[in-house]
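A.B. asks: The structure under discussion is supplied below as structure tokens; questions concerning it will follow.
The values are calculated or read from the model by the stated rules, or taken from the named source; none is laboratory data. If you're wondering where the values come from, they're calculated on a predicted model, not measured in any experiment. Every residue, glycine among them, receives a Cβ derived from its backbone with ideal geometry; neighbour counts consider all protein chains shown.
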Amino acid sequence: MRYIGNKTKLLSFIGAALDRLGVPAAARSLDAFAGTAAVGAFLKSRGATVVGCDLMTFSYVFQRAYVVADSYPRLTGVLDDPGLRSARQRSDFTALVDHRVAARAAAAHRSAQRTTPRRTKAGTRHAAHLAPRARADATRPLDEMLVYLDHYLDPLTSFISGHFAMPHAAIQTADTADTQERDRDGARAAVRTGRAGHTRPGAATPSTASPRMYFTLDAARRIDAIRTQLNEWHTAAAISDDEYYILLATLLEAADAVANTAGVYAAYIKSWQSNALRGLRLRLPAIGASPRPPRSRRARCEAHQGDVSALAPDLGRFDLLYLDPPYNTRQYSGYYHVPELIAKGWFGDPPVLRGKTGLLSDAKKSEWSTRAGCVAALDRLLAATDADHVVLSYNSEGIIPESEIQRIFRAHGRGGTYKRLTRQYQRYRADRPSASRHYTSDSVREHLYCVRLKGGDQK
Ligand SMILES: C[S@@+](CC[C@H](N)C(=O)[O-])C[C@H]1O[C@@H](n2cnc3c(N)ncnc32)[C@H](O)[C@@H]1O
């Protein structure tokens with residue numbers, strides 16, 4: 001998902017810093033501001049036991065899918081679902097799944113060949129051939145599910161289409177172009193085109209759809225249908241928690257890819273962007289098994305939702321506390337309210353929306369995004385967490401002054417262990433430059449502030 005502060009491009013910098021600091025690969029680690037869970041998944045791939053935390057529900061979903069889950073789901077509990085069962089009996093269904101699996105295996109094979117050194121022994125190359133095939137077998141049940149949700153599940157008019165969508169005259173054109181592209185690839189045409197779909201009692205109908213142009217009506221009705229289906233299966237215990245969160249994360253990523261925004265949901269764009277017309281497509285998520293399978297329940301990765309300062313004292317001892325708090329005064333709850341809504345769902349009490357962009361009335365505010373509260377929040381968190389190494393990602397434009405970071409780190413840290421590592425980084429532009437948003441340069445300096453905390457008796 002497009003996300004302010006996402007660290008995907010900085011993972012090698014973070015990894016090199018951890019090596020330099022001597023943080024063990026198997027460190028029990030707290031990813032305190034998990035966001036997209038990119039850092040948590042990276043730490044897990046190095047062998048760490050990761051405990052994640054974030055205020056937002058969608059982050060909890062990503063943590064569950066990309067960090068807590070250890071393998072691709074088998075989804076055996078839904079094989080009896082009447083819609084899925086009848087789709088699985090169709091020859092076009094099998095063709096779509098085969099095509100999807102083969103296309104990905106071919107891409108993985110191409111990429112393995114590119115990365116295999118020219119003068120590799122035949123045996124090594126053979127192993128590279130086998131790996132994608134084995135992976136394809138492991139992912140097939142999920143591939144089948146994604147084909148079902150993508151092509152066979154009827155659209156539904158519900159909360160997202162009622163509040164965050166606009167009809168678009170060219171939707172049929174976009175859908176047709178999408179279908180033709182698949183035909184060229186050799187797959188059978190999608191069966192989606194032309195289906196009428198359903199309206200749930202109480203849901204807004206397409207003609208009363210709000211003027212909020214976040215999604216085309218077509219995309220929104222598919223989001224509504226998939227989200228509702230996942231809720232029904234989960235409530236009926238037909239899918240496990242891991243399966244539910246993996247499917248929900250897949251939907252969140254797919255919805256974000258077709259959102260008619262410049263990256264954040266603080267505003268929608270008033271003309272349709274090309275990505276919004278592409279058609280919602282569920283893509284196979286990357287689920288990371290740990291290189292060291294957990295030996296005990298305690299060694300399993302965990303996900304948490306809430307204020308990390310309140311939760312940290314109860315989370316146990318960590319070898320590594322990784323901090324990536326907000327840098328500025330923009331609240332994530334206001335910038336990502338639509339993914340938050342999709343993650344939370346609307347199946348109990350319908351959410352109350354306010355304002356032109358449909359903000360959630362109970363949005364959580366973070367003191368880390370306030371000038372008045374951020375310094376004290378850092379101080380409190382270091383005091384509240386039982387950890388050895390602390391690594392804080394912060395950039396040169398953050399609201400906590402560097403002198404304060406240094407003061408707090410030295411106060412809580414062991415003498416001589418404070419360090420600052422720096423890397424120049426291409427800026428993420430969530431907003432276009434405008435009269436109200438002026439970017440002073442294209443790059444920012446990304447810092448890692450590091451310290452080793454005093455032990456319990458030294459505090
Ligand atoms: C810079 S982003 C983290 C990005 C993340 N490392 C990634 O790679 O996607 C900051 C995150 O802090 C979360 N956050 C803000 N205040 C928080 C708090 N008090 N406790 C926990 N999380 C908080 C926000 O929801 C947001 O996801």
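A.B. asks: May I ask you to verify whether residue 384 is within 14 Å of the ligand (Cβ to nearest atom) and more than 30 Å from residue 26 (Cβ to Cβ)?
C.D. replies: Numbers: within 14 Å of the ligand (Cβ to nearest atom): yes; more than 30 Å from residue 26 (Cβ to Cβ): no.
Spelling it out, it is not the case that residue 384 is within 14 Å of the ligand (Cβ to nearest atom) and more than 30 Å from residue 26 (Cβ to Cβ).
A.B. asks: Report yes if residue 59 is of a type in the set (S, T, N, Q) and under 23 Å from residue 259 (Cβ atoms), otherwise no.
C.D. replies: yes
A.B. asks: Sticking with this one: What's the number of the only condition in (1) farther than 27 Å from residue 18 by Cα; (2) touching a Cys at 6+ places or on another chain (Cβ under 9 Å) that residue 390 fails to meet?
C.D. replies: So the condition that residue 390 fails would be (1).
A.B. asks: Continuing with the same structure: Given the criteria under 16 Å from the mean Cα position of the chain (by Cα) and in contact (Cβ under 8 Å) with a residue 40 or more places away in the chain, does residue 245 qualify? Break it down stepwise before answering.
C.D. replies: Details: under 16 Å from the mean Cα position of the chain (by Cα): yes; in contact (Cβ under 8 Å) with a residue 40 or more places away in the chain: yes.
Yes; evaluated as a whole, the condition is true for this residue.
A.B. asks: Right, here's the next one. Would region 333-343 turn up any residue that is farther than 30 Å from residue 162 by Cα and near the ligand (Cβ under 10 Å from one of its atoms)?
C.D. replies: No, region 333-343 contains no residue that is farther than 30 Å from residue 162 by Cα and near the ligand (Cβ under 10 Å from one of its atoms).
A.B. asks: Can we say residue 241 is within 27 Å of residue 91 (Cβ to Cβ), at pLDDT 50 or above and acidic (Asp, Glu)?
C.D. replies: no
A.B. asks: Restricting attention to region 395-420, and to residues there that are of a type in the set (S, T, N, Q) and part of a loop (DSSP other than H, G, I, E, B), which single residue is nearest to residue 4 (Cα to Cα)?
C.D. replies: So the residue we want is 396.
A.B. asks: Can you tell me which of (1) more than 18 Å from residue 62 (Cα to Cα); (2) buried (at least 20 other Cβ atoms within 10 Å of the Cβ); (3) aliphatic (A, V, I, L, M) is the one residue 311 doesn't meet?
C.D. replies: In the conditions (1) more than 18 Å from residue 62 (Cα to Cα); (2) buried (at least 20 other Cβ atoms within 10 Å of the Cβ); (3) aliphatic (A, V, I, L, M), residue 311 misses (2) alone.
A.B. asks: Further question on the same structure: Check residue 332 against each of (1) more than 19 Å from residue 67 (Cα to Cα); (2) of a type in the set (Ser, Thr, Tyr); (3) modelled with pLDDT under 95 and name the one condition it does not meet.
C.D. replies: If we test residue 332 against (1) more than 19 Å from residue 67 (Cα to Cα); (2) of a type in the set (Ser, Thr, Tyr); (3) modelled with pLDDT under 95, just (3) comes out false.
A.B. asks: Okay, moving on. Give me the residue from region 352-377 that is in contact (Cβ under 8 Å) with a residue 60 or more places away in the chain and away from the ligand (no atom under 13 Å from the Cβ) and, out of that set, surrounded by the fewest Cβ atoms within 10 Å (Cβ to Cβ).
C.D. replies: Ranking the qualifying residues of region 352-377, first place goes to 356.
A.B. asks: Do you know which residues across region 401-412 are buried (at least 18 other Cβ atoms within 10 Å of the Cβ) and closer than 14 Å to residue 448 by Cβ?
C.D. replies: We begin by selecting, within region 401-412, every residue buried (at least 18 other Cβ atoms within 10 Å of the Cβ); these are 405, 408-409, 412.
405, 409, listed by residue number.
A.B. asks: Let me ask you something else. Hey, any hits in region 342-355 for a residue that's out of contact with any helix residue (DSSP H, G or I) (no Cβ under 7 Å at 6 or more places or on another chain), under 16 Å from residue 55 (Cβ atoms) and modelled with pLDDT under 95?
C.D. replies: Within region 342-355, not a single residue is out of contact with any helix residue (DSSP H, G or I) (no Cβ under 7 Å at 6 or more places or on another chain), under 16 Å from residue 55 (Cβ atoms) and modelled with pLDDT under 95.
A.B. asks: Where the second residue is within 13 Å of the ligand (Cβ to nearest atom) and modelled with pLDDT under 95 and the first is under 23 Å from residue 362 (Cβ atoms) and lies in region 310-339, which pairs have Cβ atoms under 6 Å and are six or more apart or on separate chains?
C.D. replies: 331/365; 333/363; 333/364
A.B. asks: Within region 344-364, work out how many residues are over 14 Å from residue 160 (Cβ atoms) and either small (Gly, Ala, Ser) or outside any loop (DSSP other than H, G, I, E, B) (or both).
C.D. replies: Residues that pass the stated criteria total 6.
A.B. asks: Quick check on region 305-315. Is at least one of its residues at pLDDT 95 or above, more than 11 Å from the ligand (Cβ to nearest atom), in the same structural domain as residue 53 (by TED's automatic domain parsing) and part of a loop (DSSP other than H, G, I, E, B)?
C.D. replies: yes
A.B. asks: Also, I was wondering about something else. I'd like to verify a number: residues in region 79-106 that are farther than 14 Å from residue 147 by Cα and modelled with pLDDT of 95 or more, how many?
C.D. replies: 2
A.B. asks: If you go through region 370-383 one residue at a time, do you hit one that is of a type in the set (A, V, I, L, M, F, W, C), at pLDDT below 95 and more than 23 Å from residue 6 (Cβ to Cβ)?
C.D. replies: If we filter region 370-383 for residues that are of a type in the set (A, V, I, L, M, F, W, C), which is where we start, we get 372, 374-378, 381-383.
From the residues that got through so far, the ones that are at pLDDT below 95 too are none.
Looking through region 370-383, none of the residues is of a type in the set (A, V, I, L, M, F, W, C), at pLDDT below 95 and more than 23 Å from residue 6 (Cβ to Cβ).
A.B. asks: Where in region 12-113 are there helices (runs of 4 or more DSSP H), lying fully within it, with 1 or more residues that are within 16 Å of the ligand (Cβ to nearest atom), of a type in the set (D, E, K, R) and within 30 Å of residue 385 (Cβ to Cβ)?
C.D. replies: Values: elements: 38-45, 57-63, 82-88.
The qualifying helices (runs of 4 or more DSSP H) are 38-45.
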